[in-house]
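Visitor: Pasting in a structure now, in structure tokens, and then I'll have a few things to ask.
Nothing in this text is a laboratory measurement; each read-out follows from the coordinates by a stated rule. Since the model is a prediction, treat every value here as computed from it, not as a measurement. Quick reminder, even Gly has a Cβ in these numbers, built from the backbone with ideal geometry, and neighbours come from all protein chains shown.
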Amino acid sequence: MQQVTIQHAGKDPISATLWPAANAKAAIIIHPATAVPQDFYRPFAEHLNSLGFIVMSYDYRGIGRSRQKDIRQYDVSMSDWMLEDAVYVTDWVAHRFNGLPILAVGHSVGGHAIAISPATHSVKAAVLIASHAGITALIEKPMERFRVGLIMRVLTAVLCGLYGYMPTRRLGFGEDLPRGVMQQWSHWTQKPHYFYDDPQLDAKQRASQVDIPLLVLGFDDDPWANPRAISRLLEPLSKAPIERLQLEHKKLGLVHIGHMGFFRKRNAEALWPIVIDWLIAQSESGPASNP
């Protein structure tokens, strides 16, 4: 395991972790969820590495080990994470392991990066885990819809104005978020098609160009990434061959999966082989190496 710093001209550095492998069959990049530090993905990354994959995880700017100054000083948005951070990391891997197939695993917003980021041009195939259009109105349970709506519509403006960042840790949403990230996210959650309705992002056009195989996983007890919300994200991905699985935790003998549980070791035996078998098959199919 190696600690890596990815630096792009004029941008704050990105902290990443690399698990090398001799005679690797492919390199896998793990794109994290919002406010989730890369260390959360370490057990999954180590397992992939033990199977012969090179693996890289990282923190978006302003999160985890990539937060190297006062969070108030980060001038970064959620779209920057998708269109810049994901690209810088993918370019680094493509350059370092030239000719090796690159696969990607995106968790929540990490799947958004796969859906609309230029980084996907260098990727052979990708897995989207609990990735959805985070539209508040699509949350099924009324109390959770109210709670998220309160955070997005009211508390974001108040707390970002008061603190200069969003103290999401206190609200049970993981790491604190830079102000620009939270404000943009809040804006999208109130739109009927999420970031596809943002004219500055051109996300629908970006998604329509993705043509790599995608495995999309949803879970029946995820309070946010329900089937309707996942479908809303996938609609513009018209060129991509999509294999979609909606998994039921009780049928798998699991107590809970939710939005985060796929990556927890307690669920590894039931869940990880689904993704790993697919990644292995993709790594072995066809001559798609990174340019």
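Visitor: ³J(HN,Hα) across region 214-227 via Karplus (A = 6.51, B = -1.76, C = 1.60, θ = phi - 60°), whole Hz, x for Gly/Pro?
Guide: Once rounded to whole Hz, the list reads 10, 9, 10, 10, x, 10, 5, 10, 7, x, 10, 8, 7, x.
Visitor: Further question on the same structure: Given a 10 angstrom Cα cut-off, can you work out which residue in PRO192, PRO37, PRO178 is the most mobile in a GNM of the chain?
Guide: Of the options given, PRO192 has the highest mean-square fluctuation.
Visitor: While we're looking at this one, here's another question. Taking R0 as 25 Å, what's the FRET efficiency between HIS8 and ASP197 from their Cβ-Cβ distance, rounded to 0.05? If you can, show how the numbers build up before the last one.
Guide: Working: r = 29 Å, r/R0 = 1.14.
The formula returns an efficiency of 0.30 here.
Visitor: Could you give the nm distance between label points at ASP39 and ASP277, where each point is 7 Å from its Cα heading toward the beta carbon?
Guide: Once both label points are built, they end up 3.4 nm from each other.
Visitor: So, in Å, what gap is there between the alpha-carbon centers of region 135-162 and region 41-60?
Guide: If you average the Cα positions of each part, the centres end up 33 Å apart.
Visitor: Starting from the eigenvalues of the Cα gyration tensor, five times each then square-rooted, give me the equivalent ellipsoid semi-axes of the chain, largest first, whole Å. Don't skip to the answer; put the middle values down first.
Guide: Details: eigenvalues 150, 101, 69 Å².
Ellipsoid semi-axes (Å, largest first): 27, 22, 19.
Visitor: Now, a different point. Running a GNM on the chain with Cα contacts under 10 Å, which residue among ALA281, ALA130, ALA27 ends up with the highest mean-square fluctuation?
Guide: For the chain, modelled as a Gaussian network with Cα springs under 10 Å, the answer is ALA281.
Visitor: Further question: Along the Cα-to-C-beta direction of LYS69, a point sits 7 Å from the Cα; which residues of region 13-34 have their amide N less than 13 Å from that point?
Guide: What the label zone holds, given the 13 Å backbone N cut-off, is 13-14.
Visitor: Quick check on region 185-291: what are the equivalent-ellipsoid semi-axes from the Cα gyration tensor, as sqrt(5λ), descending, whole Å?
Guide: Numbers: eigenvalues 138, 99, 22 Å².
The equivalent ellipsoid of region 185-291 has semi-axes of 26, 22, 11 Å.
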